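Working notes, beginning with the structure itself.
Just so it is clear, none of the values below were taken in a lab; they were calculated from the coordinates. Only a predicted model underlies this, so the values are computations on that prediction, with no experimental measurement involved. Note that we place each Cβ from the backbone using ideal geometry, even for glycine, and neighbour counts take in every protein chain shown.
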């Protein structure tokens with residue numbers, strides 16, 4: 001019985017994550033469109049070094065790919081020790097806040113799906 005509960009929990013987490021990610025993709029696309037259509041956008045692109053809480057290869061790969069698929073970001077590299085991810089962002093206004101938001105939202109949700 002415990003196995004069935006675990007499977008249902010994982011399915012529910014997966015569906016919840018899918019809904020969350022689609023919503024985030026739509027918002028990111030709208031922000032990019034706004035920046036493109038602004039006559040003189042003030043953009044501050046940058047590369048961030050994110051400390052990874054993801055530990056398994058599956059978690060890291062999923063997080064890496066989902067960040068790359070999100071408009072305005074591009075995953076560049078993972079450190080050899082798999083503790084850091086380097087990501088280029090289209091517009092970085094507040095580095096600490098951006099790092100915190102990514103860790104508390106996307107990375108946390110990716111780990112929830114796998115654990």
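For the pair residue 36 and residue 8, what calculated FRET efficiency results from E = 1/(1 + (r/R0)^6), where r is the Cβ-Cβ distance and R0 = 30 Å, to the nearest 0.05?
0.10
Out of these labelled values of Kirkwood radius over Cα pairs in Å, (1) 16.7; (2) 13.8; (3) 15.3, which was calculated from the coordinates shown here?
Of the listed options (1) 16.7; (2) 13.8; (3) 15.3, (3) comes from this structure.
Under a point spin-label approximation (7 Å from Cα along Cα-to-Cβ), what is the residue 103-residue 82 distance to one decimal in nm?
A separation of 2.0 nm, rounded to one decimal place.
What list do you get for 80, 53, 94 if you sort them by fewest beta carbons within 10 Å?
Ranking 80, 53, 94 by Cβ neighbours within 10 Å, fewest first, gives 80, 94, 53.
Could you work out which residue, out of 100, 59, 24, moves most in a Gaussian network model of the chain, that is, has the largest mean-square fluctuation with Cα springs under 10 Å?
Answer for the Gaussian network model of the chain: 100.
Please report the relative contact order for region 22-106, taking Cα pairs under 8 Å with a sequence separation of at least 6, and give it as a percent rounded to a whole number.
Across region 22-106, relative contact order equals 34 percent.
How far, in degrees from 0 to 90, does helix 57-69 lean away from the longest principal axis of the Cα atoms of the chain, to the nearest 10?
With rounding to tens, the tilt is 30 degrees.
Extension gain residue 91-residue 19, at 0.36 nm per residue separation less the Cα-Cα distance, in nm?
Length difference between fully extended and current span is 23.5 nm.
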